[in-house]
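Here is the structure we will look at, set down as structure tokens.
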Amino acid sequence: RGEKAGLYARAGVGDYWIVNLVDHVLEVHRAPEANLDSPYGWHYGSTVTLRPGDRVRPFSAPSAEILVADLLP
């Protein structure tokens, strides 16, 4: 959520997901933008937390729809 996210945002990765096993959710980070207070000068401007009943569409395959429950044990 910190340093790695800053590196990914700086590299222009538009879709950064964290499968949060502890809280049983998927954290979706999008909209990389410059931010001098963040690690490496970049961060994600949008973060959404999705639960097992939710669905998500990756930027790289917008026609694909993934059930969050399928990503969680």
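The values are calculated or read from the model by the stated rules, or taken from the named source; none is laboratory data. Model, not experiment: these values are computed from the prediction. No Cβ is skipped: glycine too gets one built from the backbone with ideal geometry, and neighbour counts run over all protein chains shown. Only protein heavy atoms, including side chains, enter the accessible area calculation; ligands, DNA and RNA are left aside. Shrake-Rupley method; radii C 1.70, N 1.55, O 1.52, S 1.80 Å.
Odds and ends about this structure:
- Each other residue within a Cβ distance under 12 Å of R57 adds +1 if Lys or Arg and -1 if Asp or Glu, for a net charge of -1.
- In the context of the full set of protein chains, the chain has a per residue accessible area of 64 Å² (1.4 Å probe).
- Mean separation of Cα contacts under 8 Å (6+ apart) over length of the chain, as relative contact order %: 28
- Cα-centred dipole magnitude for the chain, charges only on beta-carbon of K, R (+1) and D, E (-1), debye, nearest 20: 80
- Rg/Rh (Cα only; Kirkwood hydrodynamic radius) as it applies to the chain: 1.00
- Those chymotrypsin sites (Phe, Trp or Tyr not before Pro) in the chain that DSSP places in a loop and that have at most 14 other beta carbons within 10 Å: F59
- Gained length - A11 relative to A31, 0.36 nm times residue gap less alpha-carbon distance: 6.0 nm
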